[in-house]
Amino acid sequence: MKIAVDVDGVLLDLMDTYCEVYNEQFETNYKKSDVTRWDFFEEWEIRERDAFEIFHKIYENSSDIPFIDEYALFVLKEINEIHHVDIVSARSEQYSVQLGDTLKSHGIIDGIHYQHLILVNEKPYDIKLRLNYDLYIDDNPHLAWAIKERTEIVLFLYDQPWNRNINEKNKKNIFRVKNWIDINREIKGLELLLE
Ligand SMILES: [Mg+2]
């Protein structure tokens, strides 16, 4: 299987850091759990451009963003031995070195835990589907909407407050995962199906 693993919201808990920076700048009191939409900035009444500027500021220095789940290291190493794992992020190419270094600081090493680091544009929101992976591990609800009709592709939707509006219950190719233990179990399930 060709597997695309997302970074923000799947490996790094970016939105905690985002809220901290945002609150400092605008004297607000938002928490990650308040981010209930992908386009949360519309509700928070700031311009999209300003919202993205904060993302870009954080991308420039990602070293303070907390790692989501230490168990990811074990799972990535194991699945990268059997499958082809790439890390695929919608951060622009200019943050490539910074992101590689951040991953390395958490023990995620290219060649061991993944093959390539691939960066794509932020928009369109389902742009990653053009890369033709068999399995996407991602928190983006837009991918879930786009993948519904593409039954040959599987999405593990990493549970986050901004994707809970996705009802995956009767979708055969979308599985909600809450942590990397869930991911490990679901991948084992897929492997059995493919045998
Ligand atoms: Mg993400």
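The values are calculated or read from the model by the stated rules, or taken from the named source; none is laboratory data. Keep in mind the model is a prediction, meaning the values are calculated, not measured. Reconstructed Cβ throughout: ideal geometry from the backbone, glycine too, with neighbour counts over all protein chains shown. Keep in mind that these areas ignore ligands, DNA and RNA; they rest on the heavy atoms of the full protein, side chains included. Shrake-Rupley method; radii C 1.70, N 1.55, O 1.52, S 1.80 Å.
The lysine pair tally for the chain, using Cα distances under 13 Å and a gap of 8 or more places or different chains, is 4. What does the charge count around ASP69 come to, taking other residues whose C-beta lies under 11 Å from its C-beta (Lys +1, Arg +1, Asp -1, Glu -1)? Residues close to ASP69 contribute a combined charge of -2.
Once divided by 2.2 N^0.38 Å, the Cα radius of gyration of region 14-62 becomes 1.03.
Taking Cα atoms only, the orientation of helix 96-105 departs from the longest principal axis of the chain by about 70 degrees.
Compared with the rule-of-thumb size 2.2 N^0.38 Å for a compact globular protein, the chain has a Cα radius of gyration ratio of 1.00. Relative to the longest principal axis of the Cα atoms of the chain, the long axis of helix 14-26 lies at roughly 10 degrees. Solvent-accessible surface of region 5-120, averaged per residue with a 1.4 angstrom probe and all protein chains in place: 50 square angstrom. GLU48 versus LEU131, label points 7 Å from Cα toward the beta carbon: distance in nm? Each label point lies 7 Å from its Cα, and together they span 2.2 nm.
Placing R0 at 35 angstrom, the Cβ-Cβ distance between GLU20 and ASN167 gives a FRET efficiency of 0.65 after rounding to 0.05. Among residues other than ASP6 with Cβ under 12 Å from its Cβ, the summed charge is -2 (Lys and Arg +1, Asp and Glu -1). Seen against the Cα atoms of the chain and their longest principal axis, helix 48-60 is set at about 70 degrees. In region 1-124, Cα pairs under 8 Å separated by at least six residues give a relative contact order of 32 percent. At an R0 of 30 angstrom, the distance between the Cβ atoms of GLU27 and ASP101 translates into a FRET efficiency of 0.40. Between SER63 and ASN121, the FRET efficiency from the beta-carbon distance, with R0 = 25 Å, is close to 0.55.
Element breakdown for region 24-125 at a 1.4 angstrom probe: carbon and sulfur atoms account for 47% of the accessible area. Packing around the peptides 136-143, 51-58, taken as the average count of other Cβ atoms within 10 Å per residue, puts them in this order, highest first: 136-143, 51-58.
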